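S.K.: Quick one: structure below, then a few questions.
The values are calculated or read from the model by the stated rules, or taken from the named source; none is laboratory data. In this text the structure is predicted, and so the values were computed from the model without any measurement. We place every Cβ from the backbone using ideal geometry, glycine too, and count neighbours over all the protein chains shown. We work out accessible area using only protein heavy atoms, side chains counted, and drop any ligands, DNA or RNA first. Shrake-Rupley method; radii C 1.70, N 1.55, O 1.52, S 1.80 Å.
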Amino acid sequence: MKKVIVILIVVLSGLFLCKEISNRNTISIGVITTLSGEESSLGISVLNGIAMAAEEFNKDKKFYEKKVILTIKDDKNDFEESKKSAEELIDAGVVAILGPALSEAGIAVSEVGNKREKLIVSPTVATKKLSGKDDYFIRVTPSVDRNAVSLAEVSRDYMGMKKILLIYNEKNLAYTESFKDKYIEKFTENSNYENFVYIKKSSEKIASYFTKIKDEIDGVVIIASPIDTAEITQKIKKIKRDIKILASDWAYHQNFITYGGKYAEGVYIAVNYDDAYFKKEKGYLDERFKNFKKNYINKFKEDPNNGSLNGYESFNILVYAIRRNKGNSENLKREVLSTESEKYFLQPGKFDKYGDCERDTFVFQVKNKKFKRWNFRKTEISGKI
């Protein structure tokens, strides 16, 4: 973790973190993300993407164009800290805010944005609680529904699972409960009570996961941060090595593989991100995504993920909308939601009228310490515990 933060400091130096928020020659944007604590993996990836996009924008701008100034706040994945950060940034005069990374913080920041009528563009907040609202909160990632449904279909229809143990994290309930509820709804629909989900919290001791379960379990679904998912995966696979484990998109991060070690191998994850994006209608690898990935690896010495991509896209969607809007906050949401913004998605995406995002879902499996796209096979059979 310290290595990543050191890299960030080097990249961000000279770009922002200054008290003078706005003047005639700058575009002032606030950033709220989670940079400390066990849930910081996604927040750091998001900031990496935003930082790289800001650096490129400032480097490539014409001499008469405004420079971007970013002011960064660490919300520590704390509801009150998130609200405080949003208030401080708005008081300082930012045009808009990028972030936060996690859904629990997203609810807090959205409340402030709506009250103060300040636009918030979040790269990764996916809770269903913010869906379908005509407010000041826009998301570059879809609601959890799509990924939860995909994971349920994979486990039920392609792996033939009937009995599932579902474990969810309690520190980001706005996200984990939304994912849990949608997964269960899809997994158990039209099943004549054949399909069943046992529910446990990640804070419970591992031994308690199985003491009251009399059925054979076909698989485990984990809805937690990368590090928590890695720890839970290790403990479960030490009990039953060949059990199939599926995880939510929150776990799609190199930290899951690093901390999970050999136990991470074989785990399936549904995510709105394609690591080797192939533009099917044109038949070639999209050059913009290819360049983004190459530059990201060169700068941060690690592969990008959905958080870093969404952070990068969010910055460009917002900053070019601000430019088109002549630097004004008024009616900025309308400009962000215009079709002009679609060109700044590096992988297919579009906003609906509420500012919710529509994107495809892909399933990855960890193989040889890498996330690899997985092709569904109906011949897959589940492990047993």
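S.K.: Could you let me know the centre-to-centre spacing of the range 113-166 and the range 30-78, using Cα atoms, in angstrom?
M.R.: Cα centres, the range 113-166 to the range 30-78: 23 Å.
S.K.: Taking a cut-off of 15 Å between Cα atoms, list the aspartates and glutamates near LYS186, but don't count ones fewer than 8 places away on the same chain.
M.R.: Cross-link targets: ASP145, GLU153, ASP157, GLU177, GLU194.
S.K.: Which residues does the label zone of ARG323 cover in the range 23-62, counting backbone N under 11 Å from a point 7 Å along Cα→Cβ?
M.R.: Those under the cut-off are 57-62.
S.K.: Using the beta-carbon distance between LYS262 and ARG334 and R0 = 30 Å, what value does 1/(1 + (r/R0)^6) give for FRET efficiency, to the nearest 0.05?
M.R.: On the way: r = 51 Å, r/R0 = 1.69.
E(calc), rounded to 0.05, equals 0.05.
S.K.: Related question: If you take the beta carbon distance between PHE63 and ASP286 as r and set R0 to 45 Å, what does 1/(1 + (r/R0)^6) give as a FRET efficiency, to the nearest 0.05? Let's see the in-between values first.
M.R.: On the way: r = 30 Å, r/R0 = 0.67.
Efficiency computed from Cβ-Cβ geometry: 0.90.
S.K.: Per residue of the chain, what 222 nm ellipticity follows from adding -39500 (n - 2.57) for every DSSP H run with n ≥ 4, rounded to the nearest 500? List each step's numbers first, then the result.
M.R.: Details: 11 runs with 144 residues, N = 385.
Mean residue ellipticity, 222 nm, calculated: -12000 deg cm²/dmol.
S.K.: If you stretched the chain out fully between ASP91 and GLU216, how much longer would it get, using 0.36 nm times the residue separation minus the C-alpha to C-alpha distance? Please report the intermediate quantities before stating the final value.
M.R.: Values: separation 125, 0.36 × 125 = 45.00 nm, distance 5.63 nm.
39.4 nm is the gain from fully extending ASP91 to GLU216.
S.K.: Using protein chains only and a probe of 1.4 angstrom, how many square angstrom of ARG288 are accessible, to the nearest 10?
M.R.: In the full protein context, ARG288 sits at about 100 Å².
S.K.: Among VAL125, VAL144, VAL68, whose mean-square fluctuation peaks in a Gaussian network model of the chain (Cα, cutoff 10 Å)?
M.R.: Looking only at VAL125, VAL144, VAL68, the biggest GNM fluctuation is shown by VAL68.
S.K.: Could you tell me what percent of the accessible area of the chain is made up of carbon and sulfur, with a 1.4 Å probe and every protein chain present?
M.R.: 48
S.K.: What pairs in LYS162/LYS235; LYS301/LYS367; LYS162/LYS237 have C-alpha atoms more than 25 Å from each other? The partial results should precede the final answer.
M.R.: Numbers: LYS162/LYS235 22 Å; LYS301/LYS367 20 Å; LYS162/LYS237 19 Å.
From the list (LYS162/LYS235; LYS301/LYS367; LYS162/LYS237), the Cα-Cα distance tops 25 Å for no pair.
S.K.: So between ASN375 and ILE239, what do we pick up on full extension, going 0.36 nm a residue minus the alpha carbon distance?
M.R.: Values: separation 136, 0.36 × 136 = 48.96 nm, distance 2.77 nm.
Working it through step by step, the gained length comes to 46.2 nm.
S.K.: Gain in length, GLN365 to LYS343, computed as 0.36 nm per residue apart minus the alpha-carbon separation, to one decimal in nm?
M.R.: Numbers: separation 22, 0.36 × 22 = 7.92 nm, distance 2.95 nm.
Full-extension gain reported as 5.0 nm.
S.K.: Another question about this same structure. Using DSSP to call loops (not H, G, I, E or B), can you name the GluC sites (Glu not before Pro) in the range 212-321 whose Cβ has at most 12 other Cβ atoms within 10 angstrom?
M.R.: Working: sites: GLU216, GLU231, GLU265, GLU281, GLU287, GLU302, GLU313; in loops: GLU216, GLU265, GLU281, GLU302.
Qualifying residues, ordered by number: GLU216, GLU281.
S.K.: Could I have the simple spin-label model distance between GLU80 and PHE278, label points 7 Å from Cα toward Cβ, reported in nm to one decimal?
M.R.: Those two pseudo-labels are separated by 5.2 nm.
S.K.: Here is a further query. Using the heavy atoms of the protein chains and a 1.4 angstrom probe, tell me the accessible area per residue for the chain in square angstrom. Present the calculation step by step, with values, prior to reporting the outcome.
M.R.: Values: 17230 Å² over 385 residues.
Solvent-accessible surface per residue comes out at 45 Å².
S.K.: Could you give the nm distance between label points at VAL197 and GLU358, where each point is 7 Å from its Cα heading toward the beta carbon?
M.R.: 2.5
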